[in-house]
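Everything on this sheet refers to the single structure shown next.
The values are calculated or read from the model by the stated rules, or taken from the named source; none is laboratory data. What you see is a predicted model, and the numbers here were worked out from it, not measured in a lab. Note that each Cβ is placed from the backbone with ideal geometry, even for glycine, and that neighbours are counted across all protein chains shown. SASA here: full protein model, heavy atoms, side chains in, ligands and nucleic acids out. Shrake-Rupley method; radii C 1.70, N 1.55, O 1.52, S 1.80 Å.
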Amino acid sequence: MFLPCSHNHSLKSTSTAKTQDGIALEIQPLKSEEGVESEEKEEKEEKEKKKVNVTKKEKSVLQGKLTRLAVQIGKAGLIMSAVTVIILILYFVIDTFGVQGREWTAECTPIYIQYFVKFFIIGVTVLVVAVPEGLPLAVTISLAYSVKKMMKDNNLVRHLDACETMGNATAICSDKTGTLTMNRMTVVQAYIGDTHYKSIPEPEAVNSETLELLVNSISINSAYTTKILPSEKEGGLPRHVGNKTECALLGLVLDLKRDYQPIRDEVPEEKLYKVYTFNSSRKSMSTVLKNSSGPGFRMYSKGASEIVLRKCSHILDASGQPRVFKAKDRDEMVRKVIEPMACDGLRTICVAMRDFTTEPDWDNEAEILNDLTCICVVGIEDPVRPEVPEAISKCQRAGITVRMVTGDNINTARAIATKCGILQPGEDFLCLEGKDFNQQIRNDKGEVEQERLDKVWPKLRVLARSSPTDKHTLVKGIIDSTVGETRQVVAVTGDGTNDGPALKKADVGFAMGIAGTDVAKEASDIILTDDNFTSIVKAVMWGRNVYDSISKFLQFQLTVNVVAVIVAFTGACITQDSPLKAVQMLWVNLIMDTLASLALATEPPTESLLLRRPYGRDKPLISRTMMKNILGHAVYQLVITFTLLFAGEKFFNIDSGRNTPLHSPPSEHYTIIFNVFVMMQLFNEINARKIHGERNVFEGIYRNPIFCCVVLGTFALQIIIVQFGGKPFSCTALTIDQWLWCIFIGVGELLWGQNAHAWVMWNIFSSLFNPTGRAGEGEVKLCDFKPVGGNEGGWQTATCCTIPKSACRHLKVQLRKRTESFIINPATSSASIHLCFTLISAVPTHRLKFLKEAGHGITKEDMPEEVLTEGADEIDHAEMELRRGQILWFRGLNRIQTQMDVVYTFQTGQTAVPGALRRQPSVVSQHNDAKTVSSPTHVGISSSSLSANSAAAAGPPAPASSSTTGSECHITHRQTSSAVA
């Protein structure tokens, strides 16, 4: 086939556009020798400007937040461990050499060093417990699990980070054909011979000569690979193979009782003299045949009706004869035929022809595609997918703006957008064609100005007659825009080769698995295997679920870490012995981290995830609500642990485990503390399933069998460790009564999680409620509603309460954020006073300003000016902070090293998930430059040392002034039991 010169020009312009955005070219046009030197200079200058482009990492939203959170937690854990070691050493030195007045002697040096080593081990234990090293594993499990499940929802994830990025999407730029519509096109209207047929006419109603021209034009001027085949199932619809628009035209031929295949057999592709293929610039396709009966050529054309009609000078009348087609006739036809078709949501195609008596200059395309004769205009219907309006409604409720970017007529695009729900009645929106769009965003020099674009894109909903360059300009402008509180996260759909730059530029690029080209699929992050917009909504759900799963794990893990660190720190400083031994800490850290990450990271998504707005780039991972839950449950666990530590022996009527000699056998006292601690974590894991203040923590728990198995499995392993662990786990067997008390205290976590909400809310707002339960003057009845029956259903009252009008100003912000909450003000209405848990659960968090958030994303204020300049590459400032701090992560346990191996495999893209590739290395794990220091897991002591220690422990205290004997090394203060197994 012949490719005209203008196609090379379009390729060159596409190449330039791709190069400007730093995107690898899929197709390179040939370069002349004259321009090689100048292009080499330009490439060198560009490399000098962006020489770090290869090494920089483009972090996803969640990755950046996790990195910054890891830095914060690492600093806090390092400080706590250092303070613990310093306090233990100072306590030991002051008590031994100050209070007791002993002197440092050579014989006692090994024993003193042994104490110092134990203090260091306790500090390392505090650090290991403080750092949630299970977080990388949780991220890996959550992403891998989501990718596997998304495959069932017709989402083939090629880049793992795109999974969670989609959860933060704020805008979706979608194609129309095949994505929002069924991509099964049929001709339903036609204008033939000065007659507008609202349905397909009978063959007898059309002039025979006109019918012959129409059938030949459609049969020849279309790809020969496009066919209509019989249905594979009996009674099914015929199968459309190839271009769907051409299939619709071939279907028109069949409806006119004609067959296209004999014509193609008579005129095979080898006899086609020249072909002008369809592209986004010419919006038409033309095929030239050489007349077999004599000299001359005949050209058949088809394309967008308003474009092809402008090139027509004649039109066939009812008798099949051409008559003059003037500009006023064209305007009248547009007004009476094309616009009504477009308003019905039909794609209008004009079929035309031209005869040449002599061979023209085929390279002069402007002259060739002119002076045409219109044969007919058809209206093609592509029905909207039945599930698309509901899917778009879900996106809008979820705070995601859906925009349609299509090459169709603006009236057709507007009609389809209205049917889909993209355009809402009474909404202030813009529907623009590509040329109008470019006029508004470009200056006199033809350059795109961000300020101009920022005035257009917030209201833009439909972009019609657009080119791939227009799509790329729109996507780039939205992503680079600084209008609004947060930057936009944009998802884009594309199926053509020219959509590659837009798919690459977007935060998440969706390629069509059925209609998409290989170039589009390579440039994408996720492939829609069914070409359906509903699958994008499912990707949003899974992305938000990944984000929430990580937040759930963080809420649970940080609660464990806060309690364990404080217990280890306080116990070590007060009793010089940690109530939780090193192996017990290992069990808590190992099993609770690994199994909790498996349990909480595999929660299936629910529709409720689409009832909130996207988190955005700046929203912290740990919100105030989560911080309230972490500190609230930590208070309960600390009160219980310290109560058992200092008074537990009286409650259970057992011997105290405090101040026991070195290497003494396990005590019931400390075993109960360990067992209660694990039981509280076990039940708090159920509380961690909800992070937005929901009360019903058991909702949907049966839908996650992995969670149920983890909880029951952990409980069974705890029984085995306590009853049969013995000295290695510093445990002794407990009685049935003691076990029941431990479980009862653990269940208290669930009760505390429920009553804490009610108690705090009631005390804060008790002064606001009307004790009579009746809304009187100056009062407002405040109700929380929940939807029933989806979009077609109504609303059901959940809970109501009555508050003064003056209090409404405090709740105004919260009400605006919850679309399902309303204020009603009946003058007289009686209702029982109930706490508005769903609404008010967020209010105390709003009032608790002393709670800090953690894990923020990179804000615009944090970024240097040079980073915000156009064309500059993104720099990961969290990683720069990691380099500056050079935090040493102590990973003495083998599990931590194993987790790092898992994350390293995940970084390099060698994941076990089939077809999943990693576009950029993950930042969930620690930076490669961070040093690894193995903490000692045991201390070897010779038998002579052991005997000396035992002798020292058994012998009476000797005066400090005695001569150098073995008893001089005896220390009379409370013995530090071994921190190692």
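Which whole-angstrom value gives the distance between the alpha carbon centres of segment 704-745 and segment 634-662?
Each part reduced to its Cα centre gives a spacing of 18 Å.
Please give the charge dipole size of segment 354-400, origin at the Cα centre, charges +1 on K and R Cβ atoms and -1 on D and E Cβ atoms. Round to the nearest 20 debye.
Using Cβ point charges on Lys, Arg, Asp and Glu, segment 354-400 gives about 720 debye.
Report the one residue of Leu558, Pro605, Gly543 whose Cα lies farthest in the direction of the positive end of the charge dipole of segment 512-642 (charges on C-beta: Lys and Arg +1, Asp and Glu -1; origin at the Cα centre).
About the Cα centre, the residue reaching furthest to the positive side is Leu558.
For segment 81-181, build the charge dipole from Cβ charges (+1 Lys, Arg; -1 Asp, Glu) around the Cα centre, then report which of Leu156, Val99, Val126 sits farthest towards its positive end.
It is Leu156, whose Cα lies furthest towards the positive end.
Could you list which residues have their amide H under 5 Å from that of Ile200, counting only those 5 or more apart in sequence or on another chain, with H placed in the peptide plane?
It is none; the list stays empty.
Hey, any idea what % of segment 642-736's accessible area is carbon plus sulfur with a 1.4 Å probe?
C and S atoms contribute 65 percent here.
Could you order the peptides 263-270, 344-351, 83-90 from most to least packed, using the average number of other C-beta atoms within 10 Å per residue?
Going from most to least packed, we get 344-351, 83-90, 263-270.
Quick one: Cα centre-to-centre distance for segment 155-172 and segment 381-412, in angstrom?
19 Å
Just to check I understand the Karplus step: with θ = phi - 60° and J = 6.51 cos²θ - 1.76 cosθ + 1.60, what whole-Hz values come out for segment 720-729, glycine and proline as x?
Those phi angles translate into 5, 5, 5, 7, 10, x, x, 5, x, 9 Hz.
To the nearest 20 Debye, how big is the dipole of segment 103-208 about its Cα centre, given +1 on the beta carbon of each Lys and Arg and -1 on that of each Asp and Glu?
The dipole magnitude comes to about 260 debye.
Show me, for segment 324-329, the HN-Hα J-couplings you get by feeding each phi into the Karplus relation (A = 6.51, B = -1.76, C = 1.60, θ = phi - 60°), rounded to Hz, glycine and proline as x.
Karplus-based 3J(HN,Hα) across segment 324-329 equals 5, 10, 8, 4, 5, 5 Hz.
Could you tally up the Lys pairs in segment 584-730 with alpha carbons closer than 26 Å? Skip any pair fewer than 8 positions apart unless they're on separate chains.
Taking the Cα cut-off of 26 Å, the pair count is 4.
Among Val639, Ile706, Phe652, which residue has its Cα positioned farthest towards the positive end of the charge dipole of segment 631-714, with +1 placed on the Cβ of Lys and Arg, -1 on the Cβ of Asp and Glu, and the dipole taken about the Cα centre?
Ile706
If you average the alpha carbon positions of segment 69-86 and of segment 203-282, how far apart do those two centres end up, in angstrom?
Centre-to-centre (Cα) distance: 73 Å.
Just how large is the dipole of segment 186-318 about the Cα centre, in debye to the nearest 20, putting +1 at every Lys and Arg Cβ and -1 at every Asp and Glu Cβ?
640 debye
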